[in-house]
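The values are calculated or read from the model by the stated rules, or taken from the named source; none is laboratory data. All of these numbers come straight from a predicted model, not from anything done at the bench. Don't worry about glycine lacking a Cβ; one is built from the backbone with ideal geometry, like all the others, and counts go over all protein chains shown.
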Amino acid sequence: MLIDIAAEAFASLTQRPLRTLLTMLGTTLGIAAFVATTGIMSTASAQIGRQFDRLKATQVLLQASSSGQDPFPVDTDARLANLHGVRAGGVYTALDRVGLSPRAFIAFSSGTASGGSVLAATPGAVAASLPRLAEGRAYDEGAQQRGDRVALLGRVVAKQLGIDQVDNFPAVLIGDRLYLVIGIIDADARLPDILTSAVIPVSSAMRDFGTAPDQQFQGLVDVRPGSAAQVARESVFALRPDMPDSLQALAPPDPSTFRNVVENDVASLVFASSVVVLLIGAVVIANSGLIAVIERRHEIAVRRALGAKRSQVAGQFLFEAGLTGLLGGMLGLGGALLLVVAVSVAREWTATISSWVVWAAPLVGVTLGVLAGVPAAFRSARGDISTNLRG
Amino acid sequence: MMLVSAPLPDPMFDAAQPLVRLECVSRHFYGAAPTRALDGVTMTIERGESVAVVGRSGSGKSSLLNVLGLLDRPDSGEYFLAGKETSLLTDGQRSAWRAGRIGFVFQSFHLMPRRSVLDNVQLALMYARAPREERIARATAALFRVGLGRKLNAMPTQLSGGEQQRVSIARALVARPSILLCDEPTGNLDSQTSEGVLRLLRELVDDGVTLVVVTHDPGVARFMRRVISMRDGRLENDPELDGFWRTNADRPC
Ligand SMILES: Nc1ncnc2c1ncn2[C@@H]1O[C@H](COP(=O)(O)OP(=O)(O)OP(=O)(O)O)[C@@H](O)[C@H]1O
Ligand SMILES: [Mg+2]
């Protein structure tokens with residue numbers, strides 16, 4: 001019986017397709033606005049998450065404005081450390097160009113190195129690269145100032161050289177100098193190349209090997225979340241108050257402010273209006289249901305004369321309203337999904353939509369529809385059969 | 001033929017009681033022009049009787065039919081249907097009676113214009129809770145019965161008036177009701193198109209269907225076993241028509 005009434009409701013809706021479509025419109029638009037907003041927001045924030053992950057959000061890179069110059073002062077580490085929001089910072093440079101081939105490694109103990117390179121880095125730069133040490137410790141500012149011949153080995157290089165601990169004072173030959181290995185780096189978040197390198201203090205490297213004419217120095221700064229932009233602005237002045245233009249600072253766009261803009265301004269507005277549109281949609285369904293009861297009072301009377309109970313007639317109107325809401329919700333969902341995909345394709349984003357939205361849209365539609373159908377259902381059950389058959 | 005139109009035996013019916021018994025039934029309409037559409041009607045209709053109700057416009061014929069068909073409630077008096085006092089019935093019970101036991105044919109057909117002929121007929125069985133396959137089968141049989149076996153999928157608007165009325169007769173008969181109530185079944189039809197409807201009604205009389213037909217059409221009244229004449233909401237004899245009729249001459253109310 002319930003299926004029959006549902007079928008009658010469905011037939012009623014499909015016999016008046018244009019009206020059904022217009023009645024659905026409010027629900028369709030409301031659901032579409034809701035789904036599109038959440039869809040575009042979740043797509044955008046997933047994108048933000050991809051582009052501005054925590055690591056990149058807390059990193060500032062520094063480099064010379066023009067190549068062939070070394071604008072970094074000797075006390076770069078200290079100057080950076082004095083800046084508000086900086087956790088660690090320093091300078092590093094690759095030494096491949098000064099003629100240190102990987103084969104320059106000769107283990108004190110056993111094994112031969114291949115494919116290793118040498119990196120010169122200040123203690124601040126090492127710290128800012130967020131290394132994880134398996135053995136020993138990193139060198140400190142004292143070692144840098146004294147120009148100690150100490151080295152950190154990346155895990156890969158250490159393995160090739162057969163060095164697995166630092167307790168027995170292993171040493172490696174870099175160029176023709178003997179360097180004491182004081183630590184082994186297991187992993188490095190910002191400079192993964194370190195795993196295949198030996199890292200030595202910049203001062204030692206300069207003294208032992210000198211600089212090439214086109215030596216490239218880079219600054220690496222680890223900052224607190226939210227400070228990247230400010231540190232980028234201030235660091236060039238802190239390092240070169242005389243020639244701030246000689247340095248370039250690269251900071252990621254601040255993701256938190258971007259996200260706030262999306263969430264607060266646009267989203268809450270569209271959310272609010274989609275709720276309003278949904279309510280209007282419900283009112284439209286309720287209103288057209290009441291009109292339909294008046295307009296179809298003859299049909300209702302015929303059904304009643306054929307033996308339909310009040311509850312069956314009321315049930316049909318509830319079904320019709322619920323079905324209208326459901327179809328409206330699904331149509332809105334479909335349209336919104338297309339919109340989100342279209343936006344994503346246009347921006348080369350990956351469309352991301354929570355599954356709950358896909359479930360919620362038809363559910364919200366059907367619930368609103370049924371609720372909106374209640375007045376019409378009540379009214380449909382009331383009318384007088386014989387009077388309405390005459391009219 | 002019998003298969004389609006003869007009423008089903010009904011365990012709810014008290015066979016010892018007359019099918020219809022009205023006692024002092026009144027129906028008044030108040031408003032701008034207060035009317036006594038029914039004014040103390042007392043009458044009995046036995047099973048298998050065929051009754052023509054005649055009378056001037058406004059005499060209360062349709063009002064009588066509405067009360068008989070449980071489409072309307074009397075203001076006073078008692079209406080026993082198969083021995084059961086109807087004022088005590090719930091909406092569900094009244095609806096069940098209409099769905100299974102009472103068939104209606106109206107002057108203006110009252111078909112659903114957007115539904116096929118077959119749908120219009122099977123809808124009557126839906127509210128009698130028949131399963132869909134059975135509904136289709138029985139509706140098809142009923143439409144063949146009224147000579148519309150070729151128009152099952154036509155829309156009502158594509159049919160002539162006479163054909164539409166035959167659809168509505170099929171719809172009224174399909175649940176095999178105990179009583180068939182017709183309000184001017186040929187009132188909207190010219191003599192030519194009403195012919196098929198007349199023949200059909202006559203067959204129903206011969207089949208023993210309990211029939212109450214409101215009509216202005218002497219052609220209809222002629223073959224009914226009994227003619228009731230109404231005036232101002234009361235029953236009276238109509239000497240202009242043949243047949244035997246009863247009166248409520250000794251009106252107790
Ligand atoms: N719903 C109603 N509201 C008010 N008055 C009504 C209503 N139904 C019937 N009447 C009045 O009751 C009286 C009897 O009406 P009814 O329809 O029973 O007459 P009838 O004999 O069927 O007439 P006709 O031959 O024209 O169909 C009329 O005066 C009519 O105006
Ligand atoms: Mg009438």
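Observations on the structure shown:
Residues are listed down the side, and each one gets a yes or a no for (1) within 16 Å of ligand 2 (Cβ to nearest atom); (2) modelled with pLDDT under 95:
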{"site": "B:58", "(1), (2)": "yes, yes"}
{"site": "B:81", "(1), (2)": "no, yes"}
{"site": "B:90", "(1), (2)": "no, yes"}
{"site": "B:106", "(1), (2)": "yes, yes"}
{"site": "B:117", "(1), (2)": "no, no"}
{"site": "B:120", "(1), (2)": "no, no"}
{"site": "B:134", "(1), (2)": "no, no"}
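- For residue B:186, the criteria (1) within 16 Å of ligand 1 (Cβ to nearest atom); (2) not in a loop (DSSP other than H, G, I, E, B) hold in every case but one, which is (2).
- Among the residues making up the stretch B:58-72, those that are of a type outside the set (Ser, Thr, Tyr) and either away from ligand 1 (no atom under 12 Å from the Cβ) or in a helix (DSSP H, G or I) (or both) are B:61, B:64, B:65, B:66, B:67, B:68, B:69, B:70.
- Qualifying residue in the stretch B:205-212 (condition: in a loop (DSSP other than H, G, I, E, B) and free of Cβ contacts under 8 Å to residues at least 12 places away in the same chain): no
- Answer residue from the stretch B:16-57, given it is outside any strand (DSSP E or B) and away from ligand 1 (no atom under 16 Å from the Cβ) and is farthest from residue A:386 (Cα to Cα) among those: B:16
- Taking the stretch A:186-222 as the range and being in contact with a Ser or Thr (Cβ under 9 Å, 6 or more places away or on another chain), assigned to a strand (DSSP E or B) and over 24 Å from residue A:75 (Cβ atoms) as the test, the residues that pass are A:188, A:197, A:198.
- Sole exception among (1) part of a helix (DSSP H, G or I); (2) surrounded by fewer than 22 Cβ atoms within 10 Å (Cβ to Cβ); (3) within 35 Å of the chain's Cα centre (by Cα) for residue A:31, by number: (2)
- Residues of the stretch B:76-106 satisfying the condition of being within 16 Å of ligand 1 (Cβ to nearest atom) and surrounded by fewer than 18 Cβ atoms within 10 Å (Cβ to Cβ): B:76
- Looking across the stretch A:296-310 at every residue that is among the aliphatic types (A, V, I, L, M) and at the interface with chain B (Cβ under 7 Å from one of its Cβ atoms), the one that is nearest to residue B:73 (Cα to Cα) is identified as A:305.
- Pairs are defined by a Cβ separation below 7 Å, a sequence spacing of at least 6 or placement on different chains, a first member in the stretch B:103-121 that is facing chain A (nearest Cβ under 7 Å), and a second member that is in a loop (DSSP other than H, G, I, E, B) and hydroxyl-bearing (Ser, Thr, Tyr); no pair meets this definition.
- Odd one out for residue A:157 among (1) at pLDDT below 90; (2) in a loop (DSSP other than H, G, I, E, B); (3) crowded, with 20+ Cβ neighbours inside 10 Å: (2)
- Looking across the stretch A:53-84, the residues that are surrounded by fewer than 20 Cβ atoms within 10 Å (Cβ to Cβ) and under 23 Å from the mean Cα position of the chain (by Cα) come down to A:53, A:54, A:55, A:56, A:61.
- Of all the numbered requirements in (1) among the β-branched types (Val, Ile, Thr); (2) over 18 Å from residue B:108 (Cα atoms); (3) surrounded by 22 or more Cβ atoms within 10 Å (Cβ to Cβ); (4) away from chain A (no Cβ under 14 Å), residue B:197 misses one, and that requirement is (2).
- The residues listed here are A:235, A:288, A:273; of these, the one that is under 26 Å from the mean Cα position of the chain (by Cα), assigned to a helix (DSSP H, G or I) and either modelled with pLDDT under 90 or not acidic (Asp, Glu) (or both) is A:273.
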